[in-house]
Amino acid sequence: NGELAAAAALASLTVIEREGLVARAAELGDLLMSLTRPLIDRFEIVRDVRGRGLMWGIELGPPAGRAARRLWESIERRQPGLFSQMVTVPLFSEHRILTQVAGHHMNVIKALPPLITPEAEIRRFASALEDVLGEADEHLFRSYASLGAGLGRHSLSAR
C-alpha cells in the first residue's frame, strides 16, 4: 500500500508541475484578492481579507455604529461566530458556493477552491460574496430596527 501511495503522490506532483498549477494558483489568488480586498472599505463588518494562492479568508467584525455594534454583540453572546453563518449559509443555498467558518467561535470564513478553478468562477465567487455581505449587513440593521421597534412597543404597552 505504501508503494501505491507513493506512486499516486508522484503522479499528482507530475500533473501539478506539468499543468503549471502552482503559478496558476498564484495568478488566480492575486485576482481573488484584487476582487475581494475592496470589501474592507465597502462593508463595516469586513475587518480583513487575506490569502495565499487560492487559500483565502475573510474576517468579519462588529460594525462601528453603537446600535449595530450592540446587536452584533447580542448575536455573538448567544453563539460566538454565529454572524459568519449569515454569510456561509446563503453563499451555499443561494449561490451553490461552499465555504467554511475557519474555526469554532470565529468570524473568519475560508474558501479553498481547486487549483483548476476557472477564472470565471473566481469572479462569480467574488460577486456572490459581495451580494451576500450586502444582505448580511442590511439584515443586521433591519434586525436592530425591528428589535428596537419591538422593545418600544413592549415599553409602551407596559405603561
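The values are calculated or read from the model by the stated rules, or taken from the named source; none is laboratory data. In this text the structure is predicted, and so the values were computed from the model without any measurement. Note that we place each Cβ from the backbone using ideal geometry, even for glycine, and neighbour counts take in every protein chain shown. To get the accessible areas, we keep the full protein, side chains included, count just its heavy atoms, and leave off ligands, DNA and RNA. Shrake-Rupley method; radii C 1.70, N 1.55, O 1.52, S 1.80 Å.
List of remarks:
- Residues of region 109-121 include none that is at pLDDT below 90, of a type outside the set (A, V, I, L, M, F, W, C), over 11 Å from the mean Cα position of the chain (by Cα) and open to solvent by 30 Å² or more (accessible area, probe 1.4 Å).
- A64 closer than 29 Å to E138 by Cα, over 17 Å from the mean Cα position of the chain (by Cα) and not acidic (D, E): yes
- Extreme residue, modelled with the highest pLDDT, among residues of region 46-80 that are buried (at least 16 other Cβ atoms within 10 Å of the Cβ) and in contact with an Asp or Glu (Cβ under 6 Å, 6 or more places away or on another chain): E59
- Condition check for L39 on (1) without any contact (Cβ under 8 Å) to a residue 40 or more places away in the chain; (2) in contact with a strand residue (DSSP E or B) (Cβ under 7 Å, 6 or more places away or on another chain); (3) within 20 Å of E138 (Cβ to Cβ): one failure, at (1).
- Count - residues of region 64-106 that are closer than 25 Å to D30 by Cβ and touching a Phe, Trp or Tyr at 6+ places or on another chain (Cβ under 9 Å): 5
- The set of residues from region 67-110 being in contact (Cβ under 8 Å) with a residue 40 or more places away in the chain, closer than 26 Å to M55 by Cα and of a type in the set (A, V, I, L, M, F, W, C) comprises F83, M86, V87, L91, A102, V108, I109.
- Counted residues, region 100-115 - those being closer than 17 Å to E135 by Cα and part of a loop (DSSP other than H, G, I, E, B): 1
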